[in-house]
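The values are calculated or read from the model by the stated rules, or taken from the named source; none is laboratory data. As the structure is a computational prediction, the values presented were derived from the model and not from experiment. Reconstructed Cβ throughout: ideal geometry from the backbone, glycine too, with neighbour counts over all protein chains shown. Note: accessible area is taken over every heavy atom of the protein model, side chains too, but ligands, DNA and RNA are not part of it. Shrake-Rupley method; radii C 1.70, N 1.55, O 1.52, S 1.80 Å.
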Amino acid sequence: MPKSDIFQKSGFKFRIPPHLTDYAEVYKNFSWQQAASEITFFPDGKLNAAYNAVDRHLKGVNKEKLALIWEGSDGAKETYTFAQLASLSNQVANLLKTKGVQKGDRVFLFLPRIPLLYVSFLGILKIGSVAGLLFSAFQEQALFDRLKDSGSKVLITNRELSKRLEKVRQNLPDLKEVLIVDDDNFKKELESQSDQVEIEKTDPDDNAFMLYTSGTTGKPKGVVHHHYAILSQHITAKYVLDIHDEDIYWCTADPGWVTGIAYTILGSWSNAVTSVIYEGRFDPEKWYQILADYKVSVWYTAPTAIRMLMAKGDDILKKYDLSALRHILSVGEPLNPEAIRWSVNVLGLPFHDTWWQTETGCICIANYPVMDIKFGSMGKPFPGIEAAIVNDEGKVLPVNTEGNIALKPGWPSMMRTIWQNEEKYKSYFIGNWYLTGDHGLVDEDGYFWFIGRADDVIKTSGERVGPFEVESALVEHPAVIEAGVIGKPDTLRGEIIKAFVVLEKEYFEKCRDENAAAGLKEELSVYVKKHLAGHAYPREIEFIDKLPKTRSGKIMRRILKAKEMGLPVGDTSTLEEY
Ligand code: PRX
């Protein structure tokens, strides 16, 4: 592992002194109990995450501060103060009450990144109901699976996206209301609501939001987070993102992913920072323009986006004044050393890698503003979080030894459960450790290094995709008998989804013709895109005669992957005849 490249912070000129001044010292003395003084509790230890994110600022100087600077895909611009976010989310909360939503009910959001998405999230939490987030690229099957499993009572969406629900709605008996935000009726109803609401004083471990995320087997699982998670999200936003009062902050993640919830809505607003939200898709020139126009000073983004910006060349960069940037970070997949070299070169700033997961609810391992960066390392554990490399039995391994990245449970934003699947929840733990599913090592200086997933989970453009979901979508197509899906390394996207497909005889015969084969591959890709999700489709498809399977019939994806990469296939003793 190349560990020679280091960005030293000793000579670095900070424009604003970092919140975290001495990592080692703070790590040694940190206690969650003490940190809890940074968030606001109601009497008897009750709290509400949405109140902490927004309403508590109404008592002080930040009441009229800009919370949100929004730009739509069509260039529309809107701004909202903390007071406005509070009033609007109160109206959503009251509207939901009129629809019979009660504490603990699930209310799902299926919207593009428009202000109402953010306001609704807050409104849902304010009445103690549980917000579920659906990425707007989801199609029929992905929507159905999530709404069904969660027993969602209300869905908030728009006219266009709601069409994807039409065919499956009758099979969702728990779904009582679908609110269409661009219908006049909805607008009228919302406007007629009072902008005051009695905020639910929840227990710290009452459920606040849930997100479906992928593992190796089965359909995605509902990871549930509680209100107390706001403490971890607040303090990590302060120490890692290092947001200050005067910052303009842009987190590029969609709230369909945990990053967009923890660090656009909860932890970042609870620090009263002004956030930029851009509704549109990734586009290099547009992104540079947003950074320049709004004078973004803290920017939290993802390695695939950075690689795509790098690929676009540095000439276009010269058109934009990005001098307001002072701290930049990334998350979601390995940050390659070249990306840090590039940012130092063109922006004069190193990207700071951060590591965490949907399940952990907050940044757990990070590079901090004051700490030297070892290029390619994820950094060190956040204060209050103990991380180690353990073997499969949960025994801590020596430094520089590859093993499972594990965390000691006990930080406030650790997932509370897996929705109606206690068994799955328990399967994450071994002994005293929570196993993250990642492999890595820790070096002699305490820096953690990511090596790869321990399972078959795919990370494509930073997005987590379960092979089972894609395989299930493929076998729905009449041409497909069975399919095995893997992540294939890709220089731009980290991984791409590759599917190995066994065809029905008749299609198999037809596909002896090259053109017919190419046509069917294209058809299958589009099929998955349309049924499952716009981002989770196979970019590469290969037809094969037979999938490698265990004697019990489980597809051996690691063998497909090894063959794809020209590596030895390893132990095949559990395989059926192969
Ligand atoms: O494999 C790790 C990878 O993303 C997984 C978590 O994905 P998700 O739940 O979608 O959350 C992503 C955003 C919080 C991890 O198990 N991952 C995340 N950050 C990094 C990473 N891999 C390498 N380096 C990272 N910094």
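At-a-glance table
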| read-out | value |
| --- | --- |
| Accessible surface of the stretch 6-448, 1.4 Å probe, proportion on carbon and sulfur as whole % | 48 percent |
| Average accessible surface area per residue within the chain, 1.4 Å rolling probe, Å² | 41 Å² |
| Radius of gyration, Dmax [the chain; alpha carbons; angstrom] | 23.7, 73 |
| Share of carbon and sulfur in the accessible heavy-atom surface of the stretch 456-565 [1.4 Å probe, %] | 49 percent |
| Highest average packing first - 260-272, 526-538, Cβ atoms within 10 Å | 260-272, 526-538 |
| Burial ranking of peptide ranges 415-428, 329-342, 99-112 (average Cβ count within 10 Å, highest at the top) | 329-342, 99-112, 415-428 |
| Rounded Å value of the spacing that divides the Cα centres of the stretch 357-425 and the stretch 52-89 | 33 Å |
| Peptide ranges 475-488, 238-251, 506-519, 73-86 listed from the most packed, as the mean C-beta count within 10 angstrom indicates | 238-251, 475-488, 73-86, 506-519 |
